[in-house]
Amino acid sequence: MAAPQPAPAAPIDTPLSYAAVGATQAADLLYFPPKGFRPMERRARIGSGGARFETASAKLMAWGVQRGSGITVGDIQLPAPTDTDWAGLDYDEAGNPLGPRAADAEQGYSEDGTPLVSPGATAVLTIRALGRRFTAPVRVVYVLDEPRRRGFAYGTLPGHPESGEELFSVEHLSDDSVWIVIRAFSRPSTWFYRLGYPVLRVMQWRATKRYLRSLSPARGV
């Protein structure tokens, strides 16, 4: 039986393909994941110091983990700004919250013109594996912008081989070390991918290994 055809870019208002939006932030994700989903957390040290944190997190927010892993990030659609946009909190040097940050309608772009990660943006990831091309539509569901932690999570849209959410963050710990952290929960999205679940697991494992290496100083990041 033929495999499903790659999905086109999802419209900006297409619903996510799972219900537990934001659950990658749960401290107990590994022990109590959303029902029916498999949790995962991996981390790797990528250096130390404030400068390293700033460089790595800037690369991360320019889709650097995905692009550095050989994934093509295309068909990026940005949501229209509204008066109710939530931009997060401002913090003092000790990490204490000062109050809501003013929403900035100005969209940032990387040096090559790619829109930086922003809440609500959708993109289509193109992954090549096993001699084939797979498309994976995603939407950014939240962004982290803290003094010592930055990153974002995206959720899956219809057409993605998996259903679930993945968080990518860079953390600057109290011992001055800098880490990349990947947290996720997922399951196959359709009966076709459930049949090939062992292969899907291997693909996910390999992708995670590439993610953890994507911001390594050895790669010039």
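The values are calculated or read from the model by the stated rules, or taken from the named source; none is laboratory data. Computed from a predicted model, the values in this text were never measured in an experiment. Here the Cβ positions follow ideal geometry from the backbone for every residue, glycine too, while neighbour counts run over all protein chains shown. Remember, those area values only see protein heavy atoms, side chains included, never the ligands or the DNA or RNA. Shrake-Rupley method; radii C 1.70, N 1.55, O 1.52, S 1.80 Å.
Just reorder Arg128, Arg67, Arg52, Arg45 by solvent-accessible area, largest first, 1.4 Å probe, all chains present. Intermediate values should be presented prior to the final figure.
On the way: Arg128 180, Arg67 95, Arg52 35, Arg45 140 Å².
I get Arg128, Arg45, Arg67, Arg52, largest accessible area first.
Can you give me the solvent accessible area of Ile76 with a 1.4 Å probe, rounded to the nearest 10 Å²?
Accessible area of Ile76: about 50 Å².
Over the stretch 115-221, what percent of the accessible surface lies on carbon and sulfur atoms, probe 1.4 Å? It would help to have the intermediate numbers written out before the result.
Numbers: 2560 of 4630 Å².
On the stretch 115-221, the fraction of accessible area on carbon and sulfur atoms equals 55 percent.
Once you list every other residue whose beta carbon is under 13 Å from the beta carbon of Gln77, what net charge do they have if Lys and Arg are +1 and Asp and Glu are -1? Walk me through the numbers before you get to the answer.
Values: positive: Arg139; negative: Asp13, Asp75.
Within the 13 Å Cβ shell, the charges total -1.
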